[in-house]
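Please find one structure pasted underneath; my questions will follow.
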Amino acid sequence: MERAPDLHRLYVHGSGRRGADAWPHVRDSAARFLAFAPDTKIDDQVAALLDDVGGRRSLVFAHSIGAVPAVLAAQHVDLAGLVLIEPALYDIARGDAAIERHIAIVTEARALASSGDLRGFWAILRPLMFGGPFDSARWREESPLAERWATINLPWGHGVRERMLDGTPSLVVTGGWNDEYEAIAQVLADRGATHLVLPGHEHRPHDSGGFVHVVDDFVAALAS
């Protein structure tokens, strides 16, 4: 993925891999990859993003929950554009059946974790997030992952609103596999964002070979 010389590119990861590891197909030595510790609060992520952008003409890439600080930051700085990959902007699609189902399940699971029932939490969350039922034989192996998921930031409740992207050229890329992300993308498309579906890689459509080309087209449109 080539970088236009006058365009600062900043990459904001989701809840899994961090830093450059989250963007293995980016071949841009001048790109900036943010890497947040799992316990970094959303407000602190926004501050770090704004600090990195500074006064530079910037294109921000954000995956999954990384879209939350990216959109919140977009209120405070004039970005050249945003590329949102499967953005977990649940607040803008409240009322959608798939969105409400997801939030309800996670809320129930988190309540169990808060009460000290980490196994109960994982029995609910694991099928939702990773597929397959809870397996007690794998509990020792998976308990550290359960502990992490019981405390990471949730992608809703941060005051994100769809109007926050008004005036910012935005490309939304989804994988076409999950009704929640498609509902979120539709809300953004209704506000003027370009929405493209790259199937075959589920929650990581930026791993598709076609991702480079859709970004190149988006950047070319920004320059026109």
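The values are calculated or read from the model by the stated rules, or taken from the named source; none is laboratory data. All values reported here derive from a predicted model rather than from experimental measurement. Neighbour counts run over all protein chains shown; Cβ positions are idealised from the backbone, glycine included. Heads up: the accessible areas ignore ligands, DNA and RNA and are worked out on the full protein's heavy atoms, side chains in. Shrake-Rupley method; radii C 1.70, N 1.55, O 1.52, S 1.80 Å.
Determine if segment 49-66 includes at least one residue that is open to solvent by 40 Å² or more (accessible area, probe 1.4 Å) and either modelled with pLDDT of 95 or more or within 20 Å of Glu162 (Cβ to Cβ) (or both). Working first, answer last.
Just the residues of segment 49-66 that are open to solvent by 40 Å² or more (accessible area, probe 1.4 Å), to begin with: 50-51, 54-57.
Narrowing further to those that are either modelled with pLDDT of 95 or more or within 20 Å of Glu162 (Cβ to Cβ) (or both): 50-51.
Yes, the conditions are met somewhere in segment 49-66.
Here's a follow-up. So, Phe33, is that one closer than 21 Å to Val219 by Cα, modelled with pLDDT of 95 or more, in contact with a strand residue (DSSP E or B) (Cβ under 9 Å, 6 or more places away or on another chain) and open to solvent by 30 Å² or more (accessible area, probe 1.4 Å) or not?
Working: closer than 21 Å to Val219 by Cα: yes; modelled with pLDDT of 95 or more: yes; in contact with a strand residue (DSSP E or B) (Cβ under 9 Å, 6 or more places away or on another chain): yes; open to solvent by 30 Å² or more (accessible area, probe 1.4 Å): yes.
When the stated conditions are applied, Phe33 passes them.
Those residues that are assigned to a helix (DSSP H, G or I), closer than 17 Å to Gly167 by Cα and touching a Leu at 6+ places or on another chain (Cβ under 8 Å), I need them from segment 69-91; list them, please.
Keep residues of segment 69-91 that are assigned to a helix (DSSP H, G or I), which gives 69-74, 90-91.
Checking the rest, the ones that are also closer than 17 Å to Gly167 by Cα come to 70-74.
Matches in segment 69-91: Ala70, Val71, Ala73, Ala74.
Filter segment 144-156 for residues that are in contact with a helix residue (DSSP H, G or I) (Cβ under 7 Å, 6 or more places away or on another chain), part of a helix (DSSP H, G or I) and not charged (D, E, K, R); which is most open to solvent (accessible area, probe 1.4 Å)?
Trp149
If you go through segment 164-220, how many residues are small (Gly, Ala, Ser) and either assigned to a helix (DSSP H, G or I) or over 22 Å from Ser15 (Cα atoms) (or both)?
Summing the residues that are small (Gly, Ala, Ser) and either assigned to a helix (DSSP H, G or I) or over 22 Å from Ser15 (Cα atoms) (or both) in segment 164-220 gives 9.
Give the number of residues within segment 169-192 that are closer than 14 Å to Asp217 by Cβ and either without any contact (Cβ under 8 Å) to a residue 60 or more places away in the chain or of a type in the set (Phe, Trp, Tyr) (or both).
0
If you go through segment 176-211 one residue at a time, how many are open to solvent by 40 Å² or more (accessible area, probe 1.4 Å), closer than 18 Å to Leu82 by Cβ and of a type in the set (A, V, I, L, M, F, W, C)?
Total satisfying the criteria: 2.
Residue check, Ala80 against (1) open to solvent by less than 10 Å² (accessible area, probe 1.4 Å); (2) closer than 20 Å to Arg191 by Cβ, all met but one. Which one?
(1)
Here is a follow-up. Any residue at all in segment 123-133 that's touching a helix residue (DSSP H, G or I) at 6+ places or on another chain (Cβ under 6 Å), open to solvent by less than 60 Å² (accessible area, probe 1.4 Å) and under 23 Å from Lys41 (Cβ atoms)?
yes
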